[in-house]
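The values are calculated or read from the model by the stated rules, or taken from the named source; none is laboratory data. Because the structure is predicted, anything quoted here is derived from the model rather than measured. Glycine also receives a Cβ, built like all others from the backbone with ideal geometry; neighbour counts cover every protein chain displayed.
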Amino acid sequence: MSESIEAGPAQHRLFFALWPDDALRQQIERNTCQAIKEAGGRRIPAGNFHVTLVFIGEVPEQQVAGVIAAACEVRAQPFALTLDMLESWTGADVLVYSGEQAPPALGALVDRLRISLLRHQFKLQRQTFKPHITLVRRLPRRLPKRPLAALQWPVSDFALVESRGGPDGSIYTVIGRWPLA
Ligand code: ATP
Ligand code: MG
């Protein structure tokens, strides 16, 4: 397909994430629905729940293959992730389901993804990593941090996800998944 000069090359907004299956999504909903109702703000649809590992940002069409190659080179072990806290983050005005203790294997996965992307010449912003699922955006008021029913997530793969703006918030499409072994 030819591109118009004005539009420039197509860009893809990409990030690596942990992507729950349907059963986990239902469990996340069950564990958080009461808190979400009380919080107000803009609820994230259950189909969009995820844990961002590395946000890459806008990638030109011809460099998407490089992101996929970077993912293919990552070796990391499966692990269990526990999310057990509800907290609001000011600045971002979000309500999140977070984990106090990130398993070392999760930190290793994030580091390896970042290193692999850097090797493939992708520039990354500095990001401090704390595992969380965003539940609500535009939170009207800060809520005290409190424990929430624990979610035990056996993580056996990671995903590359594309984000597009939609009329009711972002629309995500999983464009690749890689097993941990
Ligand atoms: P919206 O921007 O429509 O409210 P969103 O933030 O979920 O929705 P994106 O902005 O495309 O959609 O972000 C995709 C994922 O990457 C989200 O989990 C988001 O929190 C995370 N993310 C976005 N920008 C950054 C950033 N600069 N640093 C770290 N993570 C980011
Ligand atoms: Mg955003």
Please verify whether Glu87 is more than 27 Å from Arg164 (Cβ to Cβ) and either outside any helix (DSSP H, G or I) or within 15 Å of ligand 1 (Cβ to nearest atom) (or both), treating the condition exactly as stated.
yes
In segment 80-97, which residues are closer than 15 Å to Val136 by Cβ, β-branched (Val, Ile, Thr) and in contact with a strand residue (DSSP E or B) (Cβ under 9 Å, 6 or more places away or on another chain)?
Val94, Val96
Between residues in segment 90-104 that are part of a strand (DSSP E or B) and at pLDDT 90 or above and residues that are crowded, with 17+ Cβ neighbours inside 10 Å and β-branched (Val, Ile, Thr), which pairs lie under 6 Å by C-beta distance while being six or more apart or on different chains?
Val94/Thr134; Leu95/Val136; Val96/Thr134; Tyr97/Thr32; Tyr97/Ile133
Residue list for segment 118-129, filter: part of a loop (DSSP other than H, G, I, E, B) and away from ligand 1 (no atom under 11 Å from the Cβ):
His120, Gln121, Phe122, Lys123
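Yes/no per residue for (1) touching a helix residue (DSSP H, G or I) at 6+ places or on another chain (Cβ under 7 Å); (2) of a type in the set (A, V, I, L, M):
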site	(1), (2)
His12	yes, no
Gln27	no, no
Ala35	no, yes
Arg43	yes, no
Does Ala159 count as more than 15 Å from ligand 1 (Cβ to nearest atom) and in contact (Cβ under 8 Å) with a residue 24 or more places away in the chain?
no
Yes or no: segment 108-117 includes at least one residue that is part of a loop (DSSP other than H, G, I, E, B) and out of contact with any helix residue (DSSP H, G or I) (no Cβ under 8 Å at 6 or more places or on another chain).
no
Take the conditions touching a Ser or Thr at 6+ places or on another chain (Cβ under 8 Å) and under 21 Å from Trp153 (Cα atoms) and apply them to Leu83. Does it pass?
yes
Residues that are assigned to a helix (DSSP H, G or I), loosely packed, with under 14 Cβ neighbours inside 10 Å, on the phi < 0 side of the Ramachandran plot and within 16 Å of ligand 1 (Cβ to nearest atom): does segment 28-47 have at least one?
yes
